[in-house]
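Input: a single structure, listed below in C-alpha coordinates.
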Amino acid sequence: MSRFREFKMPDVGEGLTEAEILKWFVAPGDEVHDGMVVCEVETAKAAVELPIPFDGVVSELHFPEGETVDVGTSIIAVDTDPSGGAVEQPGEAAAPAAAEGESEDGGGGKREPVLVGYGVAQGSTKRRPRKAAEAAPSEAAAAVQAELNGGAPAAPATPGAGVPQGGTGG
(Lines give C-alpha, C1' and ligand atoms only; values in the text may rest on other atoms or scores of the structure.)
Protein backbone atom coordinates (compact mmCIF):
# COMPACT_ATOMS: atom_id res chain seq x y z
CA MET A 1 0.00 0.00 0.00
CA SER A 2 1.26 3.47 -0.87
CA ARG A 3 2.27 5.64 2.02
CA PHE A 4 0.46 8.62 0.46
CA ARG A 5 -3.33 8.62 0.64
CA GLU A 6 -5.64 10.93 -1.21
CA PHE A 7 -8.78 12.31 0.45
CA LYS A 8 -11.46 12.88 -2.18
CA MET A 9 -14.31 15.37 -2.05
CA PRO A 10 -17.19 13.32 -0.64
CA ASP A 11 -20.80 13.54 -1.76
CA VAL A 12 -22.06 15.79 1.05
CA GLY A 13 -25.62 16.13 -0.20
CA GLU A 14 -28.15 14.16 -2.17
CA GLY A 15 -27.36 14.55 -5.83
CA LEU A 16 -24.91 17.44 -5.45
CA THR A 17 -21.94 17.18 -7.79
CA GLU A 18 -19.62 19.90 -6.48
CA ALA A 19 -18.65 21.96 -3.46
CA GLU A 20 -16.62 25.12 -2.86
CA ILE A 21 -13.72 24.98 -0.41
CA LEU A 22 -14.44 27.78 2.08
CA LYS A 23 -11.59 27.32 4.54
CA TRP A 24 -8.66 24.98 5.18
CA PHE A 25 -7.99 24.15 8.85
CA VAL A 26 -4.69 22.40 8.03
CA ALA A 27 -1.58 23.19 6.00
CA PRO A 28 1.19 21.04 4.50
CA GLY A 29 3.27 19.59 7.33
CA ASP A 30 0.38 19.49 9.82
CA GLU A 31 -0.39 16.19 11.55
CA VAL A 32 -3.96 14.92 11.09
CA HIS A 33 -5.91 12.19 12.89
CA ASP A 34 -8.91 10.05 11.92
CA GLY A 35 -12.03 12.19 12.39
CA MET A 36 -10.17 15.52 12.51
CA VAL A 37 -11.86 18.34 10.54
CA VAL A 38 -9.52 19.46 7.74
CA CYS A 39 -11.69 21.90 5.79
CA GLU A 40 -15.08 23.52 5.44
CA VAL A 41 -16.94 23.29 2.13
CA GLU A 42 -20.15 24.83 0.87
CA THR A 43 -22.67 23.22 -1.45
CA ALA A 44 -25.90 24.57 -2.88
CA LYS A 45 -27.59 23.31 0.31
CA ALA A 46 -25.24 23.92 3.24
CA ALA A 47 -21.76 24.59 4.61
CA VAL A 48 -20.17 21.42 6.00
CA GLU A 49 -16.95 20.61 7.85
CA LEU A 50 -15.12 17.59 6.41
CA PRO A 51 -13.29 15.19 8.75
CA ILE A 52 -10.43 13.12 7.33
CA PRO A 53 -10.76 9.33 7.64
CA PHE A 54 -7.12 8.45 8.38
CA ASP A 55 -3.98 9.53 10.29
CA GLY A 56 -0.82 11.08 8.86
CA VAL A 57 0.91 14.32 7.90
CA VAL A 58 -0.54 16.67 5.26
CA SER A 59 1.75 16.62 2.23
CA GLU A 60 -0.31 18.76 -0.17
CA LEU A 61 -3.56 20.73 -0.46
CA HIS A 62 -4.70 20.29 -4.08
CA PHE A 63 -7.04 23.32 -4.20
CA PRO A 64 -6.97 26.82 -2.67
CA GLU A 65 -9.81 28.33 -0.63
CA GLY A 66 -12.60 29.62 -2.87
CA GLU A 67 -12.12 26.90 -5.51
CA THR A 68 -15.12 24.78 -6.60
CA VAL A 69 -14.30 21.07 -6.70
CA ASP A 70 -16.21 18.15 -8.23
CA VAL A 71 -17.28 15.26 -5.98
CA GLY A 72 -14.74 12.44 -6.20
CA THR A 73 -11.78 14.75 -6.92
CA SER A 74 -8.79 14.44 -4.60
CA ILE A 75 -8.54 17.57 -2.43
CA ILE A 76 -5.70 16.69 -0.03
CA ALA A 77 -2.74 14.26 0.06
CA VAL A 78 -1.64 12.77 3.37
CA ASP A 79 1.60 10.92 4.12
CA THR A 80 0.41 8.02 6.29
CA ASP A 81 4.02 6.98 7.05
CA PRO A 82 5.88 10.25 7.70
CA SER A 83 8.91 8.35 9.03
CA GLY A 84 9.55 7.39 5.40
CA GLY A 85 9.64 3.66 6.05
CA ALA A 86 12.08 3.84 8.95
CA VAL A 87 12.82 0.63 10.80
CA GLU A 88 9.95 -0.15 13.16
CA GLN A 89 10.19 -1.76 16.55
CA PRO A 90 8.79 -5.30 16.86
CA GLY A 91 5.03 -5.23 17.45
CA GLU A 92 4.55 -1.76 15.94
CA ALA A 93 4.10 -2.96 12.35
CA ALA A 94 0.85 -4.86 13.00
CA ALA A 95 -1.05 -2.01 14.69
CA PRO A 96 -0.95 0.58 11.86
CA ALA A 97 -1.84 -2.05 9.25
CA ALA A 98 -4.88 -3.14 11.27
CA ALA A 99 -6.00 0.48 11.75
CA GLU A 100 -5.71 1.20 8.03
CA GLY A 101 -7.73 -1.91 7.19
CA GLU A 102 -10.53 -0.80 9.49
CA SER A 103 -10.60 2.67 7.96
CA GLU A 104 -10.87 1.41 4.41
CA ASP A 105 -13.66 -1.11 4.81
CA GLY A 106 -15.66 1.01 7.26
CA GLY A 107 -16.14 -1.91 9.65
CA GLY A 108 -14.27 -3.00 12.72
CA GLY A 109 -16.18 -0.78 15.11
CA LYS A 110 -13.32 1.70 15.52
CA ARG A 111 -14.92 4.57 13.61
CA GLU A 112 -17.96 6.41 14.83
CA PRO A 113 -20.83 6.59 12.35
CA VAL A 114 -21.43 8.86 10.46
CA LEU A 115 -18.68 10.91 8.87
CA VAL A 116 -20.04 13.24 6.24
CA GLY A 117 -20.11 11.55 2.87
CA TYR A 118 -19.18 8.10 4.12
CA GLY A 119 -22.48 6.79 5.45
CA VAL A 120 -22.86 3.95 7.88
CA ALA A 121 -21.15 0.69 6.98
CA GLN A 122 -23.51 -2.25 6.49
CA GLY A 123 -23.92 -4.14 9.75
CA SER A 124 -21.92 -1.63 11.80
CA THR A 125 -24.87 -0.56 13.90
CA LYS A 126 -26.84 -2.96 16.00
CA ARG A 127 -30.03 -2.38 17.87
CA ARG A 128 -30.02 -3.59 21.42
CA PRO A 129 -32.70 -6.12 22.24
CA ARG A 130 -35.76 -4.88 24.09
CA LYS A 131 -36.18 -5.88 27.68
CA ALA A 132 -39.40 -7.62 28.67
CA ALA A 133 -39.78 -5.20 31.58
CA GLU A 134 -40.01 -2.26 29.18
CA ALA A 135 -43.28 -3.61 27.80
CA ALA A 136 -45.09 -3.00 31.14
CA PRO A 137 -44.51 0.60 32.29
CA SER A 138 -43.58 1.15 35.91
CA GLU A 139 -45.92 2.99 38.29
CA ALA A 140 -43.70 6.06 38.15
CA ALA A 141 -43.74 6.09 34.36
CA ALA A 142 -47.52 5.68 34.38
CA ALA A 143 -47.88 8.63 36.77
CA VAL A 144 -45.70 10.84 34.60
CA GLN A 145 -47.58 9.81 31.46
CA ALA A 146 -50.96 10.53 33.13
CA GLU A 147 -49.74 13.97 34.17
CA LEU A 148 -48.43 14.72 30.68
CA ASN A 149 -51.75 13.68 29.18
CA GLY A 150 -53.59 16.19 31.36
CA GLY A 151 -54.90 13.71 33.90
CA ALA A 152 -54.53 14.11 37.63
CA PRO A 153 -51.16 12.97 38.92
CA ALA A 154 -51.26 9.45 40.29
CA ALA A 155 -50.63 8.66 43.95
CA PRO A 156 -46.96 8.30 44.92
CA ALA A 157 -45.50 4.88 44.14
CA THR A 158 -43.66 4.52 47.46
CA PRO A 159 -45.50 2.62 50.20
CA GLY A 160 -46.34 4.73 53.24
CA ALA A 161 -45.77 8.02 51.41
CA GLY A 162 -49.42 8.49 50.51
CA VAL A 163 -52.31 9.94 52.50
CA PRO A 164 -53.23 7.82 55.55
CA GLN A 165 -56.19 5.58 55.02
CA GLY A 166 -59.21 5.57 57.29
CA GLY A 167 -60.13 7.83 60.23
CA THR A 168 -59.63 11.44 61.07
CA GLY A 169 -56.51 10.69 63.07
CA GLY A 170 -56.86 11.45 66.52
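Considering only segment 84-100, I want to know if a residue exists there that is at pLDDT below 90 and within 30 Å of Glu14 (Cα to Cα). Yes: segment 84-100 contains one or more residues that are at pLDDT below 90 and within 30 Å of Glu14 (Cα to Cα). Show the residue pairs meeting these rules: Cβ distance below 7 Å; 6+ apart or different chains; first residue within segment 35-52 and among the polar types (S, T, N, Q); second residue modelled with pLDDT under 95 and in a strand (DSSP E or B). Taking only residues 6 or more apart or on different chains, the pairs are Thr43/Ala19.
Only one entry in Pro28, Pro53 is outside any strand (DSSP E or B), open to solvent by 50 Å² or more (accessible area, probe 1.4 Å) and under 18 Å from Asp81 (Cβ atoms), namely Pro28.
Restricting attention to segment 4-16 and to residues that are in a loop (DSSP other than H, G, I, E, B) and touching a strand residue (DSSP E or B) at 6+ places or on another chain (Cβ under 6 Å), the residue that is least open to solvent (accessible area, probe 1.4 Å) turns out to be Met9. Take Leu22 and tell me if it is surrounded by fewer than 17 Cβ atoms within 10 Å (Cβ to Cβ), part of a strand (DSSP E or B) and at pLDDT 90 or above. When the stated conditions are applied, Leu22 passes them.
State all residues of segment 32-50 that are surrounded by 13 or more Cβ atoms within 10 Å (Cβ to Cβ) and among the charged types (D, E, K, R); if no residue qualifies, say none. Outline the logic, then answer.
Step one: filter segment 32-50 for residues surrounded by 13 or more Cβ atoms within 10 Å (Cβ to Cβ), giving 32, 34-43, 47-50.
Passing the criteria: Asp34, Glu40, Glu42, Glu49.
The values are calculated or read from the model by the stated rules, or taken from the named source; none is laboratory data. Please read all numbers here as calculations on a predicted model, not as lab measurements. Cβ: placed from backbone, ideal geometry, glycine included. Neighbour counts: every protein chain shown. Keep in mind that these areas ignore ligands, DNA and RNA; they rest on the heavy atoms of the full protein, side chains included. Shrake-Rupley method; radii C 1.70, N 1.55, O 1.52, S 1.80 Å.
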